[in-house]
Each structure stands twice: as structure tokens, then as C-alpha cells.
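Remarks on the structure that follows.
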Amino acid sequence: MKLLNTYDTKDEGEAALAKIDEPKRLASERDSTETIYNLFGIPSWGNFYKLGMFNLVELKVIVQQKQNGQPYDEKKHREILTMLEYAAKSFDLEVPKHWL
């Protein structure tokens, strides 16, 4: 498991924990007077999609538009792919070819 995201409140952390696949864990960390909540789990595109991370929801719409021959925001598509390439390196994942 790896650190997937950090939340400011326990409620936000628990809501995110409920969305992702097992194995998973929410751990609190206290720094002086503040507590943060670290979400650990398996880094996968499915988990990131469920958490609403990396604009994957928007990417899904863009990919569907592209596959259907409809106009789509090419600049936004490139921006998302650039971010995903960085995330892929950070989490040892591959960007699926059909997203390109």
C-alpha cells in the first residue's frame, strides 16, 4: 500500500476510505495542534477515479468524445495526459493506450 491522498478532516478521510478497494487504511498524523488523515491503498487508476483525482472523470468524457468522432478539448486532453504521466511515474503505473 502507498499513500494515495491526505485529508484535513476525519470525515473527508473516512468518505474517501469507503470509496476505494481493499487493502486500504486511514491513519491520523498529529503535528503540533493539527491532525491530518493519510489514506493508504493500492495505487490504481480505478482507485484514483473513485477518489476524483487527476481529472480522470473529465478524461473519461474527453476519451468518449474522441472515440465517437465528436469535438473535444485537445488542450485539456494534453494537460491531463501530462499530469497522468507524472502520476504514473510516481505510482509505478502505465497510462492506458486508449487514453492517448
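The values are calculated or read from the model by the stated rules, or taken from the named source; none is laboratory data. This structure is a prediction, so every number in the text was calculated from the model and none was measured. We place every Cβ from the backbone using ideal geometry, glycine too, and count neighbours over all the protein chains shown.
Given Asp73, Asp11, Asp21, which one is acidic (Asp, Glu) and over 24 Å from Trp99 (Cβ atoms)? From the options Asp73, Asp11, Asp21, the qualifying one is Asp11. Filtered by the rule that a residue be part of a strand (DSSP E or B) and without any contact (Cβ under 8 Å) to a residue 24 or more places away in the chain, region 19-31 gives Lys24, Leu26, Ala27, Ser28, Glu29, Arg30, Asp31. The set of residues in region 32-64 being over 17 Å from Pro96 (Cα atoms) and either touching a Phe, Trp or Tyr at 6+ places or on another chain (Cβ under 6 Å) or in contact (Cβ under 8 Å) with a residue 60 or more places away in the chain (or both) consists of Tyr37 alone.
Does Thr35 fit the bill of being within 14 Å of the chain's Cα centre (by Cα) and not charged (D, E, K, R)? Criteria not met by Thr35. Listed conditions (1) under 12 Å from the mean Cα position of the chain (by Cα); (2) on the phi > 0 side of the Ramachandran plot are all met by Val57, apart from (2).
With the structure loaded, tell me whether Ala16 is modelled with pLDDT of 95 or more, assigned to a helix (DSSP H, G or I) and in contact with a strand residue (DSSP E or B) (Cβ under 7 Å, 6 or more places away or on another chain) or whether it fails that test. First the steps, then the outcome.
On the way: modelled with pLDDT of 95 or more: yes; assigned to a helix (DSSP H, G or I): yes; in contact with a strand residue (DSSP E or B) (Cβ under 7 Å, 6 or more places away or on another chain): yes.
It is true that Ala16 is modelled with pLDDT of 95 or more, assigned to a helix (DSSP H, G or I) and in contact with a strand residue (DSSP E or B) (Cβ under 7 Å, 6 or more places away or on another chain).
Within region 68-88, identify whether any single residue is surrounded by 12 or more Cβ atoms within 10 Å (Cβ to Cβ), out of contact with any helix residue (DSSP H, G or I) (no Cβ under 8 Å at 6 or more places or on another chain) and among the hydroxyl-bearing types (Ser, Thr, Tyr), and answer yes or no. Within region 68-88 (the criterion being surrounded by 12 or more Cβ atoms within 10 Å (Cβ to Cβ), out of contact with any helix residue (DSSP H, G or I) (no Cβ under 8 Å at 6 or more places or on another chain) and among the hydroxyl-bearing types (Ser, Thr, Tyr)), the answer is no, since none of the residues qualifies. Scanning region 65-100 for residues that are touching a residue at least 40 places away in the same chain (Cβ under 8 Å) and either among the β-branched types (Val, Ile, Thr) or in a helix (DSSP H, G or I) (or both), which turns out nearest to Phe48 (Cα to Cα)? Step by step, filter region 65-100, then rank; the result is Phe91. Would you confirm whether or not region 56-63 contains a residue that is at pLDDT 95 or above, assigned to a loop (DSSP other than H, G, I, E, B), surrounded by fewer than 13 Cβ atoms within 10 Å (Cβ to Cβ) and not β-branched (Val, Ile, Thr)? No: region 56-63 contains no residue that is at pLDDT 95 or above, assigned to a loop (DSSP other than H, G, I, E, B), surrounded by fewer than 13 Cβ atoms within 10 Å (Cβ to Cβ) and not β-branched (Val, Ile, Thr).
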